[in-house]
Amino acid sequence: MRIAKDAFRFLIPLSFISLLAILSNFLWTGLFFVALTIFVGFFFRDPERKILIGDGLILAPADGKIVAVSEKSDGSKEVSIFLSIFNVHINRSPITGKIEEIVYRRGTFRMAFDNRASIENEQNSIAIKNKLFRIKCNQIAGAVARRIVCWKKTGDQVKVGERIGLIRFGSRVDIVLPVNVSLLVARGDKVWAGLTPIGRLILEQE
C-alpha cells in the first residue's frame, strides 16, 4: 500500500532505532520500536481510490465520523469530521476548482471531537471555487495532531478527490458549504474522502 511521503521522516529513524536495539540484544525495546514503526506506517497509509464523479456533488474531504452539522446565519452549512488515529489521514479536495485562498491560524490543541476545536484550535483554511460554488475546507489540529500539512498553494487548480494535505495523529476537518447546496449527511454518519457525497447543488425546480 502507498504511504504518504511525510511518513519517512518518522519511519527512517524508528527503523534505525529498532534495528540498533535488536542488534544490541535489547529485544523488548527493539520489538516496541518495531511495533511503533508499523503503527506509523499504518497511520500514513495513502490508499488509491476511484473518486466519485457527479455534477453538482461535493465530496467528503476526509475519512472519519461526522460530529457536528450546523447552519450559519447567512444560510451556509458547516459539517465537521473527526478523524481518529485509525482513519486514513490524507485530505482530498471536495470539488474541482481553483484554490482562492489559504489562511493558517495558530491556536490551542483541544481534543478534535470537541466542537470548540473548530474555533479555538490551530488550523489551516483552504477556500476552493468553481463555477457552481465556493467551499471552505478547514484542517484543524487536535490534542495529539500538532502538525498540519498542506501540499497546495493559492492559485493552484485541483480536481475533485485530489490529495491536498494531511494532519498528523488524530484531527478534525470542517467544511463550509454555500447556501445553494443541500446536505446529504447527518451527525453520526461515517464518511470517506473522495467517495462519500456530503452535499449537492440545489436545482431550481427544488
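Some notes on this structure:
- One residue alone among Val88, Val34 is under 30 Å from Gly199 (Cα atoms) and aliphatic (A, V, I, L, M), and that residue is Val88.
- Filtering the stretch 35-65 to residues that are assigned to a helix (DSSP H, G or I) and of a type outside the set (S, T, N, Q) leaves Ala35, Leu36, Ile38, Phe39, Val40, Gly41, Phe42, Phe43.
- Filtering Arg106, Arg92 for residues that are at pLDDT below 95 and within 18 Å of Gly165 (Cα to Cα) leaves a single hit, Arg106.
- Scanning the stretch 1-23 for residues that are loosely packed, with under 12 Cβ neighbours inside 10 Å and in contact (Cβ under 8 Å) with a residue 24 or more places away in the chain gives Met1, Arg2.
- Filter result for Val34 (among the hydrophobic types (A, V, I, L, M, F, W, C), out of contact with any Cys (no Cβ under 8 Å at 6 or more places or on another chain) and under 28 Å from Gly188 (Cα atoms)): no
Residue-wise test of (1) modelled with pLDDT of 90 or more; (2) among the β-branched types (Val, Ile, Thr); (3) in contact with a Lys or Arg (Cβ under 6 Å, 6 or more places away or on another chain).
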residue: Phe32; (1), (2), (3): yes, no, no
residue: Phe42; (1), (2), (3): no, no, no
residue: Lys50; (1), (2), (3): yes, no, no
residue: Ile66; (1), (2), (3): yes, yes, yes
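- Checking Ile85 against (1) in the same structural domain as Ser182 (by TED's automatic domain parsing); (2) under 30 Å from Ala21 (Cβ atoms); (3) part of a helix (DSSP H, G or I), the condition it does not meet: (3)
The values are calculated or read from the model by the stated rules, or taken from the named source; none is laboratory data. A quick note: this is a predicted structure, and the numbers were derived from the prediction, not measured. Every residue, glycine among them, receives a Cβ derived from its backbone with ideal geometry; neighbour counts consider all protein chains shown.
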